[in-house]
Amino acid sequence: MQKRWLLKPKNNAAITQSLREGLGVSDVVANLLAYRKVETFEAAREFFRPALSYLHDPFLMKDMDVAIERITKAISNKEKILVYGDYDVDGTTAVSIVFSFFHQFHSGLEYYIPDRYAEGYGISYQGIDYAHENGFSLIIALDCGIKEIDKVAYAKEKGIDFIIGDHHLPGDSIPDALAVLDPKRNDCNYPYTELSGCGIGFKIIQAFIQSNDMDMSMAYQYLDLVAVSIASDIVPITGENRLLCHFGLQKLNSNPSFGIRALIELSNNRKDFFTVNDIVFQIGPRINAAGRIEHAKDAVKLLTSKSTADASVFSDKVDVQNNERKDVDLKITEEALAIIADNVALQNRNSTVLYKNDWHKGVIGIVASRLTEKYYRPTIILTQTNGHVAGSARSVLGFDLYQALESCSDLLEQFGGHKYAAGLTMPTENVPLFQQRFEEVVTATITPEMLTQEISIDLPIHFQDIDAKLFRLLKQFEPFGPQNEQPIFVTKGVTVSGLAHVVGANHLKMMLKQEGCAPFSTIAFGLAEHLDHINAGKRFDICYTIEENTWKTRKNLQLNIKAIRY
């Protein structure tokens, strides 16, 4: 698929000059900072020298004082507390840290994860009934609940108080819970709105420690799980998330919890330092697999393990589930691609909405992601479950999927999520009309640019700009992720030094040179089709990231080429 090369607009010259002079950095670094809204000396100091003291006061979040007062009362009165959370990585990590922390002070504590198939996403009537039948008077719901008006009212009728800790967008009304912690509430003045669900759980712990004059290191021990949630839930790695992720990665790499250590060992990753990408591709999928294949309580058992032996047992179980998940999602992806390949009308649409009643509900989100990558358009995969149709949706850059679903809400029983990912349910008979309506909404609102994958390029630079000092500073921009992506540069008019050659299945390895500069080692994954043109000695442009390549004991700078243009 051809990609658009999109160079970011120029920064304000006065801001970059001030950064350059105030920090003593190059034009390249000053511009990279400005693109990340780091525009003053003070902001740059916080960016380059993160400290846990920069974390916001948790009591700035609306209802936090009420929540902590109620939890304190429940512990004092020996009430039974149920920690309730979603079945994905964010939900299970949130439940794990809140349960583990409060279990130190209160034995009347349990956790509850809904069954993906029997109960579905969010707070369920079954979960509330379980709480009522077993004498729980307080439910702390994490990573869900912001739209559960009816269910919170149902719990209230049964004498159960609710504290909701969510990070999803609220609807028109807020549930009548005792406390609703969500920075995305219009009436919440918390300084940072993009926390993960586990991040909200961390703020509850932080607030409890603060209000009881306890040692804050008791909260910091959970930062590895917070980092796993931030990476896996694909929230922006900016502001407070960047702080939490930075220190969470340090904890994960130096002294992880028993459960995370077991997952690291399963990954067979021999790198010196686990990154956000390593979490996304190696840790997150294994945690998610428990809820996709069997039940997410297996993930919580792993993440709350108190010994290496226990963690080993539970990690082996989720690894088996992950291998089964891989087989299932590969099979369904192949079926979905075959449906599109056999239907010209589907190929020419601006959206993909596919339905098959026997597809495994646990992997349809993964399949939707794979089809979005393949055809690069808003995609929804639907399957039959519990007498209705459930779906998982994924979007492309710039297109608001949530808004599109809102335009189809009269056909849906339920939907929720973000701009780029959502879940939904509907009656089976509504599927054909929904497929038609969703296509109409997408066609009316999407632009041709949104339907072409783009490479967002930070800056054009010359090979002479690349040196060890630049790379050291680029390392300090980590951790990379949404809204703090690894910088991508473009260099024009390069030629090959010697000959390029194919490595692996379809990758190019070559030395590239630019006039007046020493050549650089490069790797271009999946770009072997350019071999003949490059070896003909013609000039071309490249966009790339700058990395460090380690071979045995030798380290050198390497350009990781993302695209080639003549």
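Please give the peptides 510-521, 203-214, 277-288, 89-100 ranked by average Cβ packing (other Cβ atoms within 10 Å per residue), highest first, as a rough proxy for protection. Please list the in-between numbers first.
Numbers: 510-521: 16.0, 203-214: 18.6, 277-288: 21.5, 89-100: 30.1.
Highest mean packing first, the order is 89-100, 277-288, 203-214, 510-521.
Full extension of the chain between Val502 and Glu46 yields a length gain of 159.8 nm, computed as 0.36 nm times the residue separation minus the alpha carbon distance.
So if we plug the beta-carbon distance of Ile339 and His103 into 1/(1 + (r/R0)^6) with R0 = 56 Å, what FRET efficiency do we get, rounded to 0.05? Don't skip to the end; give the middle numbers.
On the way: r = 48 Å, r/R0 = 0.85.
Step by step, r from the Cβ atoms, then E = 0.70.
Peptide packing: for 353-366, 189-202, the average count of neighbouring Cβ atoms within 10 Å per residue gives the ranking 189-202, 353-366, highest mean first. Partners of Lys10 within straight-line reach, counting lysines whose Cα lies under 20 Å from its Cα and excluding those fewer than 8 residues away in the same chain: Lys37, Lys492. Spatially close Lys pairs in the range 329-451, defined by Cα atoms under 20 Å apart and a spacing of eight or more places or different chains, total 5.
If the viscosity is 0.890 mPa s and the temperature 25 °C, what translational diffusion coefficient in µm²/s does Stokes-Einstein give for the range 329-451 when Rh comes from Kirkwood over Cα pairs? Display every interim value, and only then the final one.
Values: Rh = 14.1 Å.
Answer, rounded: 174 µm²/s.
Here the extension length gained between Arg565 and Lys326 equals 82.6 nm, from 0.36 nm per residue of separation less the Cα-Cα distance. Count Lys and Arg as plus one, Asp and Glu as minus one, and take only other residues whose Cβ is under 10 Å from that of Thr385; the net charge is then +2.
Using just its DSSP H runs of length 4 or more, each adding -39500 (n - 2.57), the chain gives a mean residue ellipticity at 222 nm of -12500 deg cm²/dmol after division by all residues.
Computed log10 I(q)/I(0) for the range 1-152 at 0.16, 0.18, 0.20 Å⁻¹: -0.88, -1.02, -1.19, from the Debye equation with unit scatterers placed on every C-alpha and solvent omitted. A protection proxy built from the mean count of other Cβ atoms within 10 Å ranks the segments 294-300, 395-401, 19-25, most packed first, as 294-300, 395-401, 19-25. Taking a straight Cα-Cα cut-off under 16 Å and skipping sequence neighbours fewer than 8 places away in the same chain, the lysines within cross-link reach of Lys555 are Lys271, Lys469, Lys475.
With charges set only on the Cβ (+1 for Lys and Arg, -1 for Asp and Glu), what does the dipole of the chain come to about its Cα centre, in debye to the nearest 20? List each step's numbers first, then the result.
Values: 58 positive and 70 negative charges, 414 e Å.
So the dipole magnitude of the chain works out to roughly 1980 debye.
Excluding same-chain neighbours fewer than eight residues apart, the aspartates and glutamates reachable from Lys562 by a Cα-Cα span under 12 Å are Glu454, Asp541. FRET efficiency for the pair Val280 and Glu440, taken as 1/(1 + (r/R0)^6) with r the Cβ-Cβ distance and R0 = 35 Å, rounds to 0.55. With θ taken as phi - 60° and the Karplus curve 6.51 cos²θ - 1.76 cosθ + 1.60 applied, the whole-hertz 3J(HN,Hα) list for the range 450-461 is 5, 8, 10, 4, 10, 10, 8, 9, 6, 8, x, 9 Hz, x standing for glycine and proline. With the simple model of a label 7 Å out from the Cα in the direction of the Cβ, Ser211 to Asn77 spans 1.4 nm.
Placing pseudo-labels 7 Å out from each Cα toward the beta carbon at Asn189 and Asn386 gives an inter-label distance of 4.0 nm. In loop segments of the range 52-133 as defined by DSSP, the trypsin sites (Lys or Arg not before Pro) with at most 14 further C-beta atoms inside 10 Å of their C-beta are Lys78.
Translational diffusion coefficient, Stokes-Einstein: compute it for the chain using the Kirkwood radius over C-alpha pairs as Rh, at 4 °C and 1.567 mPa s, and state it as an integer in µm² s⁻¹.
Working: Rh = 25.5 Å.
Translational diffusion coefficient: 51 µm²/s.
Using R0 = 22 Å, the C-beta based FRET efficiency linking Tyr54 and Gln250 works out to 0.90.
Were the residues from Asp410 through Ala536 laid out at 0.36 nm apart, the gain over their Cα-Cα distance would be 39.5 nm.
Just rank Phe274, Phe136, fewest to most, by other beta-carbon atoms within 10 angstrom. Kindly include the intermediate steps, with their values, before the conclusion.
Details: Phe274 23, Phe136 26.
The fewest-first ordering by Cβ neighbours comes to Phe274, Phe136.
For the range 329-451, relative contact order (Cα pairs under 8 Å, six or more residues apart, normalised by length) works out to 22 percent. Taking only the alpha carbons of the range 58-318, we obtain Rg and Dmax values of 17.1, 54 Å in that order. Within the shell of other residues whose beta carbon sits under 13 angstrom from the beta carbon of Ala341, the net charge comes to -2, with Lys and Arg scored +1 and Asp and Glu -1. Of all DSSP beta bridges confined to the chain, the antiparallel ones make up roughly 60%.
The mean sequence distance of close C-alpha pairs (under 8 Å, at least 6 residues apart), as a share of the length of the chain, puts its relative contact order at 11 percent.
Only the coordinates and a few stated rules stand behind these numbers; no lab work does. Only a predicted model underlies this, so the values are computations on that prediction, with no experimental measurement involved. All Cβ positions, even for glycine, are placed from backbone atoms using ideal geometry, and neighbour counts span all protein chains on display.
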